[in-house]
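K.L.:
Below: one structure in structure tokens.
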């Protein structure tokens, strides 16, 4: 159901509020660049510091701006199962195509608890769900056998995989059916994940270089690995600099440099350091992205 390049959108703010006009412009930029979808309200979109009302509104604005030209997978995750159900139902009502749900953080559930959490959301909402495995943010890791169990649950259609372990990802892909979509959650691992059978990426980098990420994924999925490697190696400096500080600090600064949105970011995140700003700007210029 979900394959290709999905951009994990930054959320522009201006004077403490969501900049809806700026957000619409960012969606238009992504559509024009040929991405397959956009993902509002993920960690790149600072979902952790959006109020519930802002969260719902960001999804609504992005769905309206996309106008069905690309798919919208709304971030609706929470470590509170009931809250995740409510966010997911609201995204469905807003017209999104699916939902992305992070594995429960802080609570540190067991593997059985993770399965029960996502199963409850799937059963109650009846909405296409992509689960998100990122142990570095959640302190829990969805093991291959857990993903295999989830792949059998109706309405759970894929995973955004950012565990950082290629061997684990390979084992998980082998255990899940062909209908279950593996999407990279780490831009630098997109190429190897596709080589193993993955379908694409939910990308931070495509906020800044959408056409390049589209080219990388299209080449890899068509079997043109020479071209895919060419793009991959060209983008390595960008992959590195966009994670030189906590995401989304660098990528928001980069998008502000490119588009003129305000660089405003919400505490406890802070503006990029002067040293890294200079490094970021230099990388963008070297790649002809400024």
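K.L.:
Do we find that residue 84 is without any contact (Cβ under 8 Å) to a residue 60 or more places away in the chain and closer than 27 Å to residue 141 by Cα in this structure?
P.N.:
Here the answer is yes, as residue 84 does meet what is asked.
K.L.:
Residues that are free of Cβ contacts under 8 Å to residues at least 24 places away in the same chain and either touching a strand residue (DSSP E or B) at 6+ places or on another chain (Cβ under 6 Å) or within 15 Å of residue 13 (Cα to Cα) (or both): which helices (runs of 4 or more DSSP H) entirely in segment 202-267 hold 1 or more of them?
P.N.:
In segment 202-267, 249-259 are the helices (runs of 4 or more DSSP H) which contain 1 or more residues that are free of Cβ contacts under 8 Å to residues at least 24 places away in the same chain and either touching a strand residue (DSSP E or B) at 6+ places or on another chain (Cβ under 6 Å) or within 15 Å of residue 13 (Cα to Cα) (or both).
K.L.:
Out of 153, 201, 159, I need the residue that is under 23 Å from residue 76 (Cα atoms) and surrounded by fewer than 20 Cβ atoms within 10 Å (Cβ to Cβ). Which one?
P.N.:
Details: 201 fails: surrounded by fewer than 20 Cβ atoms within 10 Å (Cβ to Cβ); 159 fails: surrounded by fewer than 20 Cβ atoms within 10 Å (Cβ to Cβ).
It is 153.
K.L.:
In the set 269, 242, 238, which member is buried (at least 18 other Cβ atoms within 10 Å of the Cβ), at pLDDT 95 or above and under 18 Å from residue 42 (Cβ atoms)?
P.N.:
After applying the criteria, what remains is 242.
Conditions (1) out of contact with any strand residue (DSSP E or B) (no Cβ under 8 Å at 6 or more places or on another chain); (2) under 18 Å from residue 255 (Cα atoms), marked per residue:
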| residue | (1), (2) |
| --- | --- |
| 4 | no, no |
| 12 | no, yes |
| 24 | yes, yes |
| 56 | yes, no |
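Condition check ((1) in contact (Cβ under 8 Å) with a residue 12 or more places away in the chain; (2) buried (at least 20 other Cβ atoms within 10 Å of the Cβ)) across all residues:
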position	(1), (2)
8	yes, yes
14	yes, no
21	no, no
31	yes, no
34	yes, no
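K.L.:
If you scan segment 135-190, which residues turn out to be closer than 23 Å to residue 238 by Cα, modelled with pLDDT of 95 or more and part of a helix (DSSP H, G or I)?
P.N.:
166, 187, 188, 189, 190, listed by residue number.
The values are calculated or read from the model by the stated rules, or taken from the named source; none is laboratory data. Quick caveat: nothing in here was measured; it's all calculated off a predicted structure. Counting neighbours? That spans all protein chains shown, and the Cβs are built from the backbone with ideal geometry, glycine included.
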